[in-house]
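J.: This structure is in structure tokens; I'll ask about it shortly.
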Amino acid sequence: MKYKRILLKLSGEALMGNQQFGIDPHRLEQYAQEVKRVKELGVELAIVIGGGNIYRGIQAERTGIDRVQGDYMGMLATVINAMALQSILEKHGIYTRLMSGFKIEQVCEPFIRRRAVRHLEKGRVVIFGAGIGNPYFTTDSTASLRAIEIEADVVLKGTRVDGVYTADPEKDPTAERYSNISFQEVFEKGLSVMDMTAITLCQENNLPIIVFDMNKPGNLYNLVVGEDVGTLITAKK
Ligand code: UDP
């Protein structure tokens, strides 16, 4: 096994599956299966989940809602997804803890770094809900920050595409996938991987990112055991 402690970033949008909104139960079930397989390897796993399938702060301004208020609404959306994920993981016999970036005491523990690390050491999957708890951030930035804090070996950014491409593969058929690329190149070429804050945090703290297709069954497992899956982003190529 290549990685001992990983931080997996799942987007809220991916949870929609083919729906227009909300949580697709089949997708949730698939994610639980993937997580179970890597847990069985003995990997320590933390998960940050987004909320784009329910609400994004950026939508707020269009509807007359204050941006900061909208961001908190977005953070609450991530808690809904996190609770769904927690429930399905527990159904599969996986021990979990849900930690929140702001206080929602009845359903989440507050995020306390040392405690999060302790949960991981005890083999629990730690889910981070409510982002970092501050407006004007995203769950991608949350993933980078929490990964650094818990000293994860890598950030695994699960998306719908199998890595970083020279152009958007859904629009440009000539787009090619990078097997590995440096942070510097990501900036220079303006490639959309994660938001800039998220990438900068990883670059400054020398934390590799792997962008991969989370929807392909077995991909997460293959990646963790060291197969060449997705695109690896590191300080040097
Ligand atoms: N958000 C925030 N601070 C955070 C994390 C999230 O304000 O630390 C808000 C922000 O409005 C964002 C929304 O929560 O749009 C949902 O998260 P995100 O868009 O990252 O979800 P994803 O794109 O992964 O589904």
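The values are calculated or read from the model by the stated rules, or taken from the named source; none is laboratory data. Computed from a prediction, not measured in an experiment: that's the story for all the values here. As a convention, Cβ positions derive from the backbone with ideal geometry for all residues, glycine included, and neighbour counts pool all protein chains shown. Note: accessible area is taken over every heavy atom of the protein model, side chains too, but ligands, DNA and RNA are not part of it. Shrake-Rupley method; radii C 1.70, N 1.55, O 1.52, S 1.80 Å.
J.: With the structure loaded, tell me whether R97 is closer than 22 Å to V117 by Cα and open to solvent by 20 Å² or more (accessible area, probe 1.4 Å) or whether it fails that test.
T.: On the way: closer than 22 Å to V117 by Cα: yes; open to solvent by 20 Å² or more (accessible area, probe 1.4 Å): yes.
Answer is yes for this residue.
J.: Every residue in region 34-92 that is charged (D, E, K, R) and either assigned to a helix (DSSP H, G or I) or more than 16 Å from the ligand (Cβ to nearest atom) (or both), please. Walk me through how you get there before you give the answer.
T.: Residues of region 34-92 charged (D, E, K, R): 34, 36-37, 39-40, 44, 56, 61-62, 66-67, 71, 90-91.
Correct list: E34, K36, R37, K39, E40, E44, E61, R62, R67, D71, E90, K91.
J.: Considering region 56-80 alone, what residues qualify as being open to solvent by less than 60 Å² (accessible area, probe 1.4 Å) and of a type in the set (S, T, Y)?
T.: T78
J.: Sticking with this one: Contact list please: Cβ distance under 9 Å, first residue in region 48-63 and farther than 19 Å from I132 by Cβ, second residue among the aliphatic types (A, V, I, L, M), pairs at least six apart or on different chains.
T.: N53/A14; N53/L15; N53/M16; N53/I23; N53/A77; Q59/I65; Q59/M73
J.: Scan region 181-209 residue by residue and report those that are assigned to a loop (DSSP other than H, G, I, E, B) and modelled with pLDDT of 95 or more.
T.: Answer for region 181-209, where residues must be assigned to a loop (DSSP other than H, G, I, E, B) and modelled with pLDDT of 95 or more: N205, N206, L207, P208.
J.: Within region 125-180, can you find the residues that are in a loop (DSSP other than H, G, I, E, B), more than 13 Å from the ligand (Cβ to nearest atom), in contact (Cβ under 8 Å) with a residue 60 or more places away in the chain and closer than 26 Å to I88 by Cβ? I'd like the intermediate steps shown before the answer.
T.: Taking region 125-180 as the starting set, the residues that turn out to be in a loop (DSSP other than H, G, I, E, B) are 130-138, 150-153, 160-164, 166-176, 178-179.
Subset that is more than 13 Å from the ligand (Cβ to nearest atom): 150-153, 161-164, 166-176, 178-179.
Still in the running and in contact (Cβ under 8 Å) with a residue 60 or more places away in the chain: 150-153, 162-164.
Listed by number, the residues that qualify are I150, A152, D153, D162.
J.: Do we find that M99 is in a strand (DSSP E or B) and touching a helix residue (DSSP H, G or I) at 6+ places or on another chain (Cβ under 9 Å) in this structure?
T.: On the way: in a strand (DSSP E or B): yes; touching a helix residue (DSSP H, G or I) at 6+ places or on another chain (Cβ under 9 Å): yes.
Criteria met by M99.
J.: Another one. Please state which of the following conditions G17 fails to meet, knowing it meets all the rest: (1) within 14 Å of the ligand (Cβ to nearest atom); (2) out of contact with any Asp or Glu (no Cβ under 7 Å at 6 or more places or on another chain).
T.: Status for G17: all satisfied but (2).
J.: With respect to P110, determine if the residue is within 16 Å of the ligand (Cβ to nearest atom) and free of Cβ contacts under 8 Å to residues at least 24 places away in the same chain. Talk me through it step by step, then tell me what you get.
T.: Working: within 16 Å of the ligand (Cβ to nearest atom): yes; free of Cβ contacts under 8 Å to residues at least 24 places away in the same chain: yes.
Yes: the conditions hold for P110.
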